[in-house]
Ligand SMILES: [Fe+2]
């Protein structure tokens with residue numbers, strides 16, 4: 001008899017926690033939708049002109065790109081929506097103002113749990129940027145990573161049951177036989193089922209995207225990046241680094257995404273951004 005054992009090595013930690021406060025979720029939703037509608041009125045979403053922030057980004061890549069329109073005739077040949085990259089993002093400093101400060105307390109509490117569960121030694125951490133996302137019907141975000149960040153998070157305000165997808169990095173030319181069943185050891189993608197009020201945390205290097213919003217109403221989430229502050233590493237191991245001690249409550253005079261219009265940022269599929 002064989003004593004074969006399959007061991008799971010290098011598992012990746014994904015953390016989640018749920019905020020049970022329907023009233024507060026309603027307040028967040030109202031604030032995000034109001035900013036979204038303002039931008040919709042200001043810029044329109046049919047062209048690719050205007051600022052990168054605060055508008056739809058049509059035509060970016062084709063990851064998870066097309067789902068069948070539920071409005072299409074079931075007897076007709078498949079009709080697909082072609083605006084799957086159309087989504088809206090707010091400015092990236094919403095964590096510094098109301099009504100998001102209560103969410104940030106929840107994020108801070110749970111990021112601490114996440115870091116402590118990994119046994120990390122750290123002095124401080126803080127959310128560097130946070131922004132809201134609105135996905136209209138059929139839209140999703142392509143696969144991407146979050147550079148210049150240690151831990152990333154998303155908070156589902158109104159998830160519409162569209163999961164966030166995490167991908168394990170396997171070289172593109174790896175051998176992948178068809179499988180009879182899925183276990184973590186033979187899978188390269190996992191769908192994290194969202195619940196409204198759920199916060200999900202993961203290492204920022206991990207590739208992720210979202211599945212298309214199949215609802216006719218907007219899917220709404222808030223994303224953020226967390227960096228460590230103070231001293232990390234150890235001088236005796238030649239890994240020490242002193243990082244600035246920011247405060248995530250510091251205020252910046254940013255309340256209007258229109259100022260990003262002057263940055264002239266071009267959308268770059270696969271580029272270094274979070275979008
Ligand atoms: Fe992301």
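Taken together, the values in this text are just the output of simple stated rules run on the coordinates, not laboratory data. As the structure is a computational prediction, the values presented were derived from the model and not from experiment. Every residue, glycine as well, gets a Cβ built from its backbone with ideal geometry; the counts of neighbours run over all protein chains shown.
Structure above, values below:
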read-out	value
Kirkwood-based shape ratio for segment 101-227, expressed as Rg/Rh from alpha carbons	1.00
Likely footprinting exposure, 155, 106, 188, fewest C-beta neighbours within 10 Å first	188, 106, 155
Calculated FRET efficiency for the pair residue 113/residue 8, C-beta based, R₀ 25 Å, to 0.05	0.65
Exposure proxy order (Cβ contacts within 10 Å, fewest to most) of 18, 27	18, 27
Ranked list, fewest to most other Cβ atoms within 10 Å of each Cβ, for 136, 97	97, 136
